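Structure first, commentary second.
Please treat every number below as a calculation from the coordinates, not as lab data. Nothing here was measured: the structure is a model prediction, and the numbers come from that model. With ideal geometry, Cβ positions are generated from the backbone for all residues, glycine too; neighbour counts draw on all protein chains shown.
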Amino acid sequence: MKNQVRVSSTTTPWPLTTTMTPSSATAADEGDLAVGGVRLAEIAATYGTPAYVLDEADVRARARAYRAALPEAEIAYAGKAFLCRAMIGWIQAEGLSLDVCSGGELALARHVGFPAERIVLHGNAKTPRDVQDALAYGVGRVVVDSTYEITQLAVAAHPGRPQKVLIRVTPGVDAHTHAAVATGIEDQKFGFSLSAGAAADAVRQVLHWQLTERPALELAGLHCHLGSQITSVDVFAEAARRLIALMAWIRDEYGVVLPELDLGGGHAVGYCDGDPDFDLEQYARTVRAVIAKACRQHRLPVPRLTVEPGRAIVARAGVTLYRVLTMKRNPGIRTFVAVDGGMSDNPRPALYGSAYTARLIGRATTAASEPMTVVGRHCEAGDVIARDLPLPSDLRPGDLLAVPCTGAYQHSMASTYNQVCRPPVIAVRDGVARVLIRRETLEDLQARDVSL
Ligand SMILES: *Cc1c(COP(=O)(O)O)cnc(C)c1O
């Protein structure tokens, strides 16, 4: 998990085991890679391709690393990165809380009996059903994101049994990330603006429902989420200072001291060899010190910190396996390698221009590398998985490719574009593979098409 200088090379394939492969990854014979003690080529043979492989030990180790780095904080896993019942079980066993942002994600948590008080409900536009389900299950906190929602929640809550809420504040901190995931700046859809006074108005509105005889809401704290793939620790420090200043204002104005401060997630993960990872130790040190100092200055008690990593918990645990279907050599232009998946199982390159890498597995080769671009099978020219990678010049249809760092925002964002069935999720641990989510079938797809 160390920062590395980027060494870009078009001739060296990524080593079998790197910072972006699961921690249990080991080189196996015949150019194969084993994860969780199971050879990837064997998984491809047993379960078919494409397939997502997920290393349980890696997920759990990263969850534990967060708890060890921030023992005083609540670590809430952002479920939208990847969610299924087994994953929720691991998160629960490792002592994490769970962020959900829809009734659907909440229903999964409920299905496995995840403790309601450890659930945080997000969403910039919650449906009436989301709100009802959250109240019915008794989720620990609802992060409110609009004035309509505050009224809706207050009216639906049981008077005298106040629902704890956090206010999502837009602190005006630019985390210098892709526009589609920049959520700390002013001009985007999330949160109440700090500078425009909307956050102060939201505080007033929530407290109106709290400071009454039969309170419907209880303002537990403030929340912000600055975006995703953030490598800078300073932006979190700045957001913390701004939110604590707002907490001091709330104390001065209303005499209410807020016990919680939620700084969101967005901790970066390196997707390609040499990409910087997020420095969790430095984050813990810096944020802890900044919060302590700001609270001293404002004479506030130190609030309990919540952090919400999604990608940082699960991205590196995942490897996607594809089979090469065909190749196209356009001399002087590019060599295309087309595989049996694509933007339906990994939409991130098309959405954000994200870079990935890939490597041949399951067959040893001494062939020299040459640059190739791995593309999917969908009807879009933007259906690219990884551009200009070094792959062996003897690559051919039938070969297997492994794409690392695909545990987050892959299955959860997968589609059935072109009526292509979504891949299974296969967990590996201690030499054993098991299906967490089975492969989608054409019957699954056609079951919804109910009328001729
Ligand atoms: C998406 C999201 C996260 C997690 O983001 P990552 O980039 O996966 O760490 C955390 N909090 C909120 C509110 C989010 O919307």
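What to note about this one:
- One equal scatterer on each Cα of the chain, no solvent, Debye formula: the resulting log10 I(q)/I(0) at q = 0.11 Å⁻¹ is -0.88.
- In sequence order, calculated HN-Hα J values of the stretch 307-323 (Karplus, 6.51, -1.76, 1.60; Hz; x Gly/Pro): 10, 10, x, x, 3, 5, 7, 10, 4, 6, 6, x, 9, 9, 10, 10, 10
- In terms of packing, defined here as the mean over residues of other Cβ atoms within 10 angstrom, the peptides 312-319, 433-440 line up highest first as 312-319, 433-440.
- Lysine pair count for the stretch 56-314 [Cα-Cα under 21 Å; pairs on different chains or 8 or more apart]: 4
- Taking every alpha-carbon pair under 8 Å whose residues sit at least 6 apart, the chain reaches a relative contact order of 21 percent.
- Computed over the stretch 93-202, relative contact order equals 20 percent, with contacts defined as Cα pairs under 8 Å that lie 6+ residues apart.
- Global form of the stretch 324-434, assessed from the alpha-carbon gyration tensor, a/c cut-off 1.5: oblate
- Helix-derived mean residue ellipticity, 222 nm - over the chain, DSSP H n ≥ 4, -39500 (n - 2.57), to 500: -8500 deg cm²/dmol
- Computed about its Cα centre, the charge dipole of the chain is approximately 400 debye, with only Lys, Arg, Asp and Glu carrying charge at their Cβ.
- Summary of the geometry: the stretch 59-128 and the stretch 289-357, compared by the centres of their Cα atoms, lie 18 Å apart.
- Around Tyr47: net Lys/Arg minus Asp/Glu count, Cβ-Cβ under 11 Å: +2
- Cα-based shape type of the stretch 56-314, given that a ≥ b ≥ c are square roots of the gyration tensor eigenvalues and the cut on a/c is 1.5: oblate
- Using the average count of surrounding beta-carbon atoms within 10 Å as a protection proxy, the listed peptides 382-390, 107-115 rank, highest first, as 382-390, 107-115.
- When only Cα pairs below 8 angstrom with a gap of at least 6 residues are kept, the stretch 56-314 shows a relative contact order of 20 percent.
- Scoring 240-249, 404-413 by mean Cβ neighbours within 10 Å over their residues and listing the highest first yields 404-413, 240-249.
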